[in-house]
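Enquirer: Below are the structure tokens for one structure; questions will follow.
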């Protein structure tokens, strides 16, 4: 059961088989990763930053009343939903997000 | 009492956001998409208008934006002494089906039996996941249909206004005109990360394109070109990938193409200088375009039947 969940999550991390194999290869590039990050587009950098902020906020503000016992439900508060929607629509363009699976995005 | 009032106002605020604010934002975005779409002039239509003045064409350039920016039909015409036309379009119209339909449509408006050279320059074999993404779009929708994503994001519109919507111009050879509509602002920090997809996917895709081109232009020699990119200071030995891809490509080609020597795969070298790059690592500027085109002519020298003359610089060619 546990193994099935792990394998299933790994398989569904990507909609493209080539890219899935690339990810499962777990290639370690060391400090080259900083060069790779610098080469990303501003939209990709912003998306990464947003993801990091979401996770860090859960840890840093875990005792805050809006986060306490609300695992990720903070982002379901209407005003937060509105802000997220506005951010998403503001940065969406034809050149962003080709066909990445939702799990891959997470 | 005060707590009840606060709770009530919170409920009202939440209700207002759900019922009014969020739908309003969505409607505003839809209006923005409509305006964005109305201002978009499909690149395919530019070619369809140019075709009326072309007359006879001996060679055709196909591909995505790498070929729009990086290859010149005018230079090729000068080097080879025969008439070329650049039929490349950004993102290859988003799907192979759509691009093939466009090429078929175009071919009915010229004498396709007299086309002797076809160059197809695609970056897809270098982009992980792009071949699958490109193939997965099987929609029959017209390129004028409304997309849910704009060409330029709302944020970019706010930052740069409408100036980015100046349509790019093509000359009578179908080449991009590097004028104020082309903003070459590439910086060193945004150079490419070299990557290569699995050879089998790339080979399947390229062989399929060869079959398509030979069916539309039966008397043409087909040159499959993997374009130049700019890698900055990174050292990247992709010779093994290229050799494997080359071997598999010729291995998968039907016998008839091998015996008639009509199909060739060409790997163009990386751009040696940032001074040859325009706005992304695979878009050449005017000098880079001359450099790439010249390199292509050298690679095609055994295919080209005409006497070719290659000046050493773009300045010499312009004189």
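Bear in mind that the values in this text are calculations on the coordinates, not laboratory data. Quick caveat, the model's predicted, so the values are computed rather than measured. Methodologically, a virtual Cβ is constructed for each residue, glycine included, from the backbone with ideal geometry; neighbour enumeration extends over all protein chains shown.
Enquirer: Under a point spin-label approximation (7 Å from Cα along Cα-to-Cβ), what is the residue B:56-residue B:208 distance to one decimal in nm?
Expert: In this crude label model, residue B:56 to residue B:208 measures out at 3.6 nm.
Enquirer: Sticking with this one: With the crude spin-label approximation of a point 7 Å out along Cα→Cβ, what separation in nm comes out for residue B:37 versus residue B:247?
Expert: Those two pseudo-labels are separated by 4.9 nm.
Enquirer: Something else about it: Between residue B:301 and residue B:279, what's the calculated FRET efficiency when r is the beta-carbon distance and R0 is 41 Å? Round to 0.05.
Expert: Working: r = 31 Å, r/R0 = 0.75.
Calculated value: 0.85.
Enquirer: Something else now. Take the alpha carbon atoms of region A:30-57, find their center, do the same for region B:63-110, and report the distance between the two centers in whole angstrom.
Expert: 36
Enquirer: I'd like the mean, over residues of B:13-26, of how many other protein chain beta carbons sit within 10 Å of each residue's own Cβ.
Expert: Numbers: counts 2, 4, 1, 1, 6, 3, 1, 0, 6, 5, 0, 1, 6, 2.
Mean partner shielding for this stretch: 3.
Enquirer: Right, another one. Measuring from label point to label point, each 7 Å out along Cα→Cβ, what is the residue B:82 to residue A:2 span in nm?
Expert: Taking the simple label geometry, residue B:82 and residue A:2 are separated by 6.8 nm.
Enquirer: Quantify how strongly other chains surround peptide A:77-87 by giving the mean number of their Cβ atoms within 10 Å of each of its Cβ atoms.
Expert: Working: counts 2, 10, 5, 1, 5, 6, 0, 0, 5, 6, 1.
Per-residue shielding by partner chains comes out at 4.
Enquirer: Quick check: residue separation of residue A:79 and residue A:55 times 0.36 nm, minus the Cα distance between them. What number comes out in nm?
Expert: Separation in residues times 0.36 nm, less the Cα-Cα distance, equals 6.8 nm.
Enquirer: Using the beta-carbon distance between residue B:109 and residue A:12 and R0 = 51 Å, what value does 1/(1 + (r/R0)^6) give for FRET efficiency, to the nearest 0.05?
Expert: On the way: r = 46 Å, r/R0 = 0.90.
Efficiency, rounded to the nearest 0.05: 0.65.
Enquirer: What FRET efficiency would be calculated for the residue pair residue B:169, residue B:11, taking the C-beta separation as r and a Förster radius of 51 Å, to the nearest 0.05? Kindly include the intermediate steps, with their values, before the conclusion.
Expert: On the way: r = 56 Å, r/R0 = 1.10.
Efficiency, from the Cβ-Cβ distance: 0.35.
Enquirer: While we're looking at this one, here's another question. If packing is taken as the mean number of other Cβ atoms within 10 Å per residue, what is the order of B:67-77, B:281-291, B:50-60, highest first? Before the final figure, lay out the partial values.
Expert: Numbers: B:67-77: 26.3, B:281-291: 22.6, B:50-60: 16.2.
Packing proxy ranking, top to bottom: B:67-77, B:281-291, B:50-60.
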